[in-house]
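Each remark here refers to the structure printed beneath this line.
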Amino acid sequence: MKRQAYDYFDASTIPDDLCPIATKPSPMLPGDWRSMRPVVDRAKCVKCAVCWLYCPVQCVVERRAWFDINLATCKGCGICATECPHRAISMIEEAA
């Protein structure tokens, strides 16, 4: 995680009995807890951009001839696979 130019808040004002998770930003990304991940079949993708339009976190990235998924930010919700009219995206189980 990048170091911020300034602190998020004044740490001296935090009560001692507060849960520690509320006082530190989490370095965890959505891709760290995903159980299913989308895979794009490049032969079927016609670059219609429906997956890009429906993705709630905008993790669909444009390549020259197809769309691809940024797995660092993908939550694995499967909306892109459901909405793809060409069935070019399939959801597979995330490997451990």
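The values are calculated or read from the model by the stated rules, or taken from the named source; none is laboratory data. Quantities reported herein were computed from a predicted structural model and do not represent experimental measurements. Note: ideal-geometry Cβ built from the backbone for every residue, glycine included; neighbour counts use all protein chains shown. Keep in mind that these areas ignore ligands, DNA and RNA; they rest on the heavy atoms of the full protein, side chains included. Shrake-Rupley method; radii C 1.70, N 1.55, O 1.52, S 1.80 Å.
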> Among the listed residues PRO27, PRO20, which satisfies the condition of being modelled with pLDDT under 90 and open to solvent by 90 Å² or more (accessible area, probe 1.4 Å)?
Replying inline: PRO27
> When both residues are 6+ apart or on different chains and their Cβ atoms are under 8 Å apart, which pairs have a first residue that lies in the stretch 57-80 and is of a type in the set (Ser, Thr, Tyr), and a second that is crowded, with 20+ Cβ neighbours inside 10 Å?
Replying inline: THR73/CYS59
> Residues that are open to solvent by less than 40 Å² (accessible area, probe 1.4 Å) and in contact with a Phe, Trp or Tyr (Cβ under 9 Å, 6 or more places away or on another chain): which strands (runs of 3 or more DSSP E) entirely in the stretch 47-96 hold 3 or more of them?
Replying inline: none
